[in-house]
Amino acid sequence: MNLEAIRAIYMFEMNRLKRTLGQSVVSPVLSTSLYFVVFGSAIGGRMAEVGGVPYGAFIVPGLMMLTLLNQSISNAAFAIYFPRFTGTIYELLSAPVSPFEIVAGYVGAAATKSVILGLIILATASLFVPLELRHPVWMLSFLVLTAVTFSLFGFIIGIWADGFERLQMIPLLVITPLTFLGGTFYSLDMLPPAWRTVTLFNPVVYLVSGFRWSFFGHSDVRVEVSFAMTLFFLSVCLFIVRWMFRTGYRLKS
């Protein structure tokens, strides 16, 4: 394994974080803070507890997941799309670097950025609402697995996209609506039985539910199922990335 190649790609992408600090960190944190002000303070002050948890604290895992999914996808998608756009991807493909090392460098950097951002948002949330963290190891596990999974998904989008517009199409039209409808701001127990069944077909439900369990010890879906679904999504993304490199899909043309 060419560790130096992985390190070079990884450090190049991490250095980009310093150059775009306002866009990469400050903007998401400010947006999430507004959610806390509106939903946690204004609306939360008028709502009862949800599952024995104050509403302001209840929405913290969902908001972290909302930011984590969007940032993981956008970071990884842009990271691989820009070399394709400029043509420098061909230099990378012709270098003595394996597909695994390319993916490890780009996805590792995107996931690291998302995890750092998630922890910053967690610290920001603690300024607005009292938080408890019953299972910190599980929280970090879900945080890292989700960041890696959706960074891989973003990597796939970056290869698939044939224009800058398509880079934002999937996050805006698919991921964000699924996250809002995946229990970010409410418990599935608050839904009618029919809608609760329909919601279980939303894959984001399992991510938010498992992440929320790591905070409060209860969730809408069993934590074992949430963890298994996260691993399943990760496996699907790995399979698609492997297929893209094996066939050269939009990489060699």
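All of the numbers you see were taken from the coordinates with simple rules; none came from a lab. Quick caveat: nothing in here was measured; it's all calculated off a predicted structure. Cβ: placed from backbone, ideal geometry, glycine included. Neighbour counts: every protein chain shown.
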Charge dipole of the chain about the Cα centre (unit charges at C-beta), most positive-ward option of 235, 202, 14
14
Answer rounded, prolate or oblate for the chain, using the Cα gyration tensor with square roots of eigenvalues a ≥ b ≥ c: rounded when a/c is under 1.5, else prolate when a/b is larger than b/c, else oblate.
prolate
State which helices in the chain qualify, where a helix is a whole DSSP H run, it must extend 27 Å or more along its own axis by its Cα atoms, and its mean Kyte-Doolittle hydropathy must be at least -0.5.
60-86, 99-128, 136-160, 223-247
Descending semi-axes in Å of the stretch 174-253, equivalent ellipsoid built from Cα gyration tensor
31, 15, 10
When a footprinting reagent is the concern and you count Cβ atoms within 10 Å, what order do 139, 229, 64 take, fewest first?
229, 139, 64
Given the DSSP H assignment, sum -39500 (n - 2.57) over each helix run of at least 4 residues in the chain and divide by its residue total; what's the result at 222 nm in deg cm²/dmol, nearest 500?
-22500 deg cm²/dmol
Using DSSP loop states and a limit of at most 15 other Cβ atoms within 10 Å to flag chymotrypsin sites (Phe, Trp or Tyr not before Pro), what is the longest stretch of the chain containing no flagged site?
1-200
Give the long-range amide H neighbours of residue 50: residues separated by 5 or more places, or on another chain, with amide H under 5 Å away, using H modelled in the peptide plane at 1.01 Å from N.
55
Taking Cα pairs closer than 8 Å and at least 6 residues apart, the relative contact order of the chain in percent is 26
Based on Cα positions only, what radius of gyration and what Dmax would you give for the stretch 132-230, in angstroms?
14.8, 44
In whole angstrom, the spacing between the Cα centers of the stretch 176-190 and the stretch 196-253 equals 16
